[in-house]
Amino acid sequence: MDELRFSARVTSRPDGQADVRVRKRSFEVGAPLTFDNAYDGITAVEQLLGSLGADLVNGLLNRAKKRRVEIDSAEATVEGELDNALMYLDVVGEKGTTAIKRISVRLYVSTFATAEAVKAVWAETLQRSPLANTLKRAVKLDISMKIAI
Amino acid sequence: MRKLPLFPVTMVGSWPRSNELLRAQKLKRAGQLSAAEFEKLADEAVLEVLRLQEKAGVDIVTDGEQRRDNFYSFVSEKLGGVKLMTLAEMLDIIEDKEAFEKILKTLDVPAYSLSNPTCVGKIERKTPLALNELQFLKKHTTKPVKIPLPGPYLLTRAMFVKEVTKKVYKSKEELAVDVVRILRDEIRELIEAGADFIQFDEPVLTEVAFSRGKTRTFMCASLAASGDPTKELEFAVSLINQVLEGLPPVFTGLHICRGNWSKDESTLLEGTYAPLKPWLERLNVKQLVLEYATERAGDAMAFGGKSLGLGVCNPRTDVIERPEEIVEMVEKALKLYAPEQIYLNPDCGFGTFSNSPVATSGIAALKMQAIARAAKELRKRNKSMNRSK
Ligand SMILES: [Zn+2]
């Protein structure tokens, strides 16, 4: 079924960035990952972490709207940890892989709704999240949520 | 100040806001509720907080800071040249993002939940900071009134965000000149309107003294520090004394504490007042309003002639201190202070940050009742002595 397929076209650029075109929109992504805080680009790994966070934050808000649970704001911090970063740097004698082995997500929700209502919507969000459900098959995925006013 | 009983019971400032008021605050910020409509709701909230204090036996009342978002960021509504920015917004403009990220992780809060009054233009007082709070209280109570104000050092440190402020003020010293002037104007009006007790909140002083080598957790206010504690403390003392110099007589206090953002005591700062003592003694305030109910503050000490606002209950715990415990604490302090030099208060406010209060209204009321009960007992014990004022 075509509705199940999504695609992006990624084209290299001379400056080391790549243009990503999806439907009628585009954005740019840089190196796979970087250890340089001053690197002027968004890495593929950062994109992935950001995407997972956005999946959960926006997923939660959309679902809350549907269920008429009033949520004011949400914010997620997403941290990923490589199995062995030195492998990426080609350090001789290193063992392991460059895979992300663990991702932790902390989600903050501001709401005046009851904790039960928010937790129910949050459980639904996790069940329906395309990225969380994919990633949990591949990495140790820790997700926690905190409710504040 | 008007005649007070021995061991006057007072508040540090804030009282937890009702959900209704918090919702109204949010709507006001989003532009969906007018300032006038908000003030009407806040009036009701203040009256309730006032009733609870009077019922509990509080001698010097506050308005529970019901109109404020927190004890210092509220100035952004009153001052021109100041913009309330969430930390999320600040992350877009400041260089040292990592320091902010560390603070947020330690506090375990989202970036949108912390706001900082940031100086983005020449600052000026559009409306008084707290005069309306005083006038409303005066209309509705015969009790003496305490007005907590953010101190000049806190305001300068918080408002000076070099990435945006430097376009207007070259240094925090330059910004401080205007901060001092604004506070002097405010205090003159507060005195004229009959304020009984003006308290400066300068919690960042403990951060200067105690946070070396630790992750700073004092919101944004900590970031513009020079790194040299002695220099910072000198700066703070000079600002506070400049604010007070030559003003008509009024009872003044300074409140410092080691943080009141979390019920998890391990995230809060720790250390006795000893390293701050030389500077605290040079402040031209009459009283130091200090936390002592928490062990993190160490034992009571005397500060050259200043009276003491003795913190006798911990606003962050759900256990209500027993009046006997409080009496015992005061008896200890009486070895260093004369009875008429001791006021009783909680360690800090009960709802310093409106969206993350450390107590419920019910617990705040019970704690203030316990303090008042202890005060009664202490007055009985010290009845023989004549109150000399
Ligand atoms: Zn405090």
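Less than 5 angstrom separates the built amide H of A:PHE112 from those of A:ASP72, all sequence-distant by 5 or more or on a different chain. According to the Cα-based calculation, Rg over Rh for the protein assembly as shown is 1.02, with Rh computed by the Kirkwood formula. Expressed as a whole percent, the accessible surface of the stretch A:39-148 that belongs to carbon and sulfur atoms is 53, based on a 1.4 Å probe.
For the stretch A:1-92, chymotrypsin sites (Phe, Trp or Tyr not before Pro) are listed when DSSP marks them as loop and at most 10 other Cβ atoms sit within 10 Å of their Cβ; the list is A:PHE6, A:PHE35. Could you compute the FRET efficiency for B:LEU84 and A:VAL139, with r as their C-beta to C-beta distance and R0 at 45 Å, rounded to 0.05? Here the calculated transfer efficiency is 0.70. In terms of its Cα atoms, the stretch A:1-133 spans 54, 36, 33 Å along the principal axes, sorted from long to short.
Comparing mean-square fluctuations of B:GLU245, B:GLU325, B:GLU39 from a GNM of chain B with C-alpha springs under 10 Å, the top value falls on B:GLU245.
Calculate for chain B the 222 nm mean residue ellipticity that helices alone would give, adding -39,500 (n - 2.57) per DSSP H run of length 4 or more and normalising by residue count, nearest 500 deg cm²/dmol.
The helix-only estimate for chain B comes to -12500 deg cm²/dmol at 222 nm.
Let me check against my output: what whole-number percent is the relative contact order of the stretch A:39-148, with C-alpha pairs under 8 Å and at least 6 apart? Result for the stretch A:39-148 is 30 percent. Between the beta carbons of A:ALA18 and B:GLU124, assuming R0 = 41 Å, the FRET efficiency works out to 0.25 to the nearest 0.05.
Taken over the stretch A:74-149, the percentage of Cα pairs per 5 Å bin, counting from 0 up to the bin with the maximum distance, is 3, 14, 19, 19, 14, 11, 8, 6, 4, 2, 1.
Summed over both chains, the contact between B and A buries some 1300 Å² of accessible surface at a probe radius of 1.4 Å. Approximating the spin labels as points 7 Å out from Cα along Cα→Cβ, the B:ALA30-to-B:THR142 distance works out to 4.4 nm.
Against the criterion of solvent-accessible heavy-atom surface with a 1.4 angstrom probe, B:GLU20, B:GLU173, A:GLU75, B:GLU340 sort, most first, into B:GLU20, B:GLU173, B:GLU340, A:GLU75. Take the Cβ atoms of B:THR272 and B:GLU39, set R0 to 41 Å, and the FRET efficiency comes out at 0.45. One Cα centroid belongs to the stretch B:312-386, the other to the stretch A:1-53; the line between them spans 58 Å.
Based on protein heavy atoms only, chain B ends up with 39 Å² per residue of surface accessible to a 1.4 Å probe.
Fully extended, how many nm does the chain gain between B:ASP228 and B:ASN132 (0.36 nm per residue separation, minus their Cα-Cα distance)?
Full-extension gain reported as 30.8 nm.
Summarising the strand pairing of chain A, around 70 percent of its internal DSSP beta bridges are antiparallel.
Looking at chain A, identify the longest residue range that excludes and avoids all trypsin sites (Lys or Arg not before Pro) in DSSP loops having at most 10 other Cβ atoms within 10 Å. Counting at most 10 other Cβ atoms within 10 Å as exposed, the longest clean stretch of chain A is A:25-67. 5 Å is the cut-off here: which amide hydrogens, built 1.01 Å from N in the peptide plane, fall below it relative to B:ASP201, excluding neighbours closer than 5 in sequence? So B:ASP201 has HN proximity to B:LEU149, B:GLY151, B:HIS255.
The Cβ shell under 13 Å around A:ASP15 holds other residues with a net charge of -2, Lys and Arg each +1, Asp and Glu each -1. Proximity of backbone amide H atoms, modeled 1.01 Å from N, is registered between B:SER356 and no other residue at under 5 Å, excluding neighbours fewer than 5 places apart on the same chain. For A:TRP122, the solvent-accessible surface with a 1.4 Å probe is about 20 Å², rounded to the nearest 10. Comparing the full protein assembly with the isolated chain, the residues of the stretch A:107-149 losing at least 40 square angstrom of accessible surface (1.4 Å probe) are A:TYR108, A:PHE112, A:ILE149. When Rg and the Kirkwood Rh are both derived from Cα coordinates, the Rg/Rh ratio for chain B amounts to 0.94. Each Cα pair under 8 Å and six or more residues apart adds its separation to the average, and for chain B the resulting relative contact order is 22 percent.
Which of the listed residues, A:VAL139, A:TYR39, A:THR114, is farthest toward the dipole's positive end in the stretch A:39-148, when Lys, Arg count +1 and Asp, Glu count -1 at the beta-carbon? Value computed over the given set: A:THR114.
Let me check I've understood the local charge: for A:THR125, count other residues with C-beta under 11 angstrom from its C-beta, Lys and Arg +1, Asp and Glu -1. What total comes out? Neighbourhood net charge equals +3. Placing pseudo-labels 7 Å out from each Cα toward the beta carbon at B:VAL168 and B:LYS335 gives an inter-label distance of 5.1 nm. Remark: the stretch B:1-52 is approximated by an ellipsoid whose semi-axes, taken from the C-alpha gyration tensor as √(5λ), come to 30, 11, 9 Å, largest first. Packing here is the average count of other Cβ atoms within 10 Å per residue, and on that basis the peptides B:305-312, B:331-338, highest first, run B:305-312, B:331-338. Overall dimensions of the stretch B:1-106, expressed as equivalent-ellipsoid semi-axes from the Cα gyration tensor (√(5λ), whole Å, largest first), are 32, 20, 13. Near A:VAL45: Cβ cut-off under 12 Å, other residues only, Lys/Arg at +1 and Asp/Glu at -1. The net charge is -3.
Leaving ligands and nucleic acids out of the surface, order A:ILE100, B:ILE123 by accessible area at 1.4 Å, largest first.
Result, largest first: A:ILE100, B:ILE123.
Label-to-label distance for B:GLU325 and A:THR98 is 5.8 nm, based on points extended 7 Å past Cα in the beta-carbon direction.
The values are calculated or read from the model by the stated rules, or taken from the named source; none is laboratory data. Since the structure is predicted, the reported quantities are computational estimates derived from the model, not experimental observations. FYI the Cβ positions are ideal-geometry reconstructions off the backbone, even for glycines, and counts take in every protein chain you see. Heads up: the accessible areas ignore ligands, DNA and RNA and are worked out on the full protein's heavy atoms, side chains in. Shrake-Rupley method; radii C 1.70, N 1.55, O 1.52, S 1.80 Å.
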